[in-house]
1. Please turn the phi angles of the stretch 183-195 into ³J(HN,Hα) values with the Karplus equation 6.51 cos²θ - 1.76 cosθ + 1.60 (θ = phi - 60°), one per residue in order, whole Hz, x for glycine and proline.
2. So who's got an amide H within less than 5 Å of the one on GLY58, skipping anything under 5 residues away but keeping other chains? H placed 1.01 Å off N, in plane.
3. Going down the table (LYS85/LYS224; LYS141/LYS171; LYS149/LYS228), which pairs top 25 Å between alpha carbons?
4. Using a Förster radius of 22 Å, what is the FRET efficiency between THR170 and ASP77 based on their Cβ-Cβ separation? Nearest 0.05, please.
5. Can you run phi through the Karplus equation (6.51, -1.76, 1.60; θ = phi - 60°) for the stretch 83-94 and list ³J(HN,Hα) in whole Hz, with x for Gly and Pro?
6. ILE176's amide H: which non-local residues (gap 5+, or another chain) put their own amide H closer than 5 Å, with H modeled 1.01 Å from N in plane and none for Pro or chain starts?
7. Where the centroid of each part is defined by its Cα atoms, how far is the stretch 160-176 from the stretch 106-131 in Å?
8. Report the full-extension gain for the segment GLN116 to GLU143: residue separation times 0.36 nm, less the Cα-Cα distance, to one decimal in nm.
Amino acid sequence: MLATIAPRTHRRLVDIVDATDPALGGGKAVGLAKLKRIGLSVLAAVLSLLMVGDALAGPPTDQLRSAVDQVLSVLSDAELKKEAKTLERRRAIRAVANQIFDFTEISRRSLALHWQARTAAEREEFTRLFGDLLEHSYISKIENYSGEKIQYVGETADGVRAVVRTLIVTKQGTAISVDYRMSPQGDRWRAYDVTLEGISLVANYRAQFNTIIQRSGYQDLVAKLRVKYDERPGPRETSSRDAIGGPAASAPALLPRQVR
């Protein structure tokens with residue numbers, strides 16, 4: 001997807017060109033020459049914005065854009081859309097999603113202080129169960145993709161952390177902000193949190209998990225995640241997460257779900 005100017009900014013620029021400006025035209029419509037001058041100024045501003053956006057974009061944005069484009073390519077493949085190809089399609093989505101998200105770090109941050117008390121085996125089990133929940137949530141939502149535009153509108157990075165800001169623009173013109181908080185792992189940047197319209201995925205689950213643990217203990221939380229895992233409908237992926245992309249994790253419409 002090409003990075004574009006946010007819709008509201010675009011409309012504002014059009015309004016400047018089309019408006020009647022009393023300061024320039026004495027309350028009358030702006031003359032053709034003045035309109036051309038304004039139009040050229042607006043064009044220069046647009047081009048400078050695009051060049052700044054490209055300059056700010058680095059590996060986090062480039063890698064995220066590439067991975068999201070791969071997912072959309074899978075979803076647009078006519079052969080993979082067939083019911084008989086469901087498992088193959090979802091396996092392909094999982095493989096790409098695992099390039100984007102760090103399931104272990106998402107799990108660690110979601111458990112917060114409760115992570116420290118877990119053994120290595122418990123951490124591995126929790127990451128597997130919670131990662132499966134996130135993957136299924138992501139896949140079930142991304143499969144409903146119907147041509148919404150994805151805009152990459154900014155990136156901030158300090159070497160060890162980065163935030164890639166995106167907008168999902170619906171066919172009705174509604175813009176939904178989705179920010180990816182990422183950190184480097186080898187030659188890749190992976191997301192350790194996703195913020196949707198200002199709501200953090202990690203913070204949402206952290207509150208849920210803490211409530212359950214405080215009320216009935218860590219083992220009860222794991223039991224609930226096992227139930228979610230066993231109840232998940234549809235074809236099951238039998239390969240381990242390591243076999244399809246490493247211990248990482250999931251993407252754009254990744255929404256929090258209640259764990260009860």
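Only the coordinates and a few stated rules stand behind these numbers; no lab work does. Bear in mind the structure is a predicted one, so any value in this text is a computation, not a measurement. Note: ideal-geometry Cβ built from the backbone for every residue, glycine included; neighbour counts use all protein chains shown.
1. Residue by residue, the stretch 183-195 yields 9, x, 9, x, 9, 10, 9, 10, 7, 10, 6, 10, 10 Hz.
2. none
3. LYS85/LYS224; LYS149/LYS228
4. Calculated transfer efficiency: 0.45.
5. Going residue by residue, I get 4, 5, 9, 4, 5, 5, 4, 5, 5, 5, 5, 4 Hz, with x marking Gly and Pro.
6. ILE168, VAL169, THR170
7. 29 Å
8. Taking GLN116 through GLU143 to full extension adds about 6.2 nm, to one decimal.
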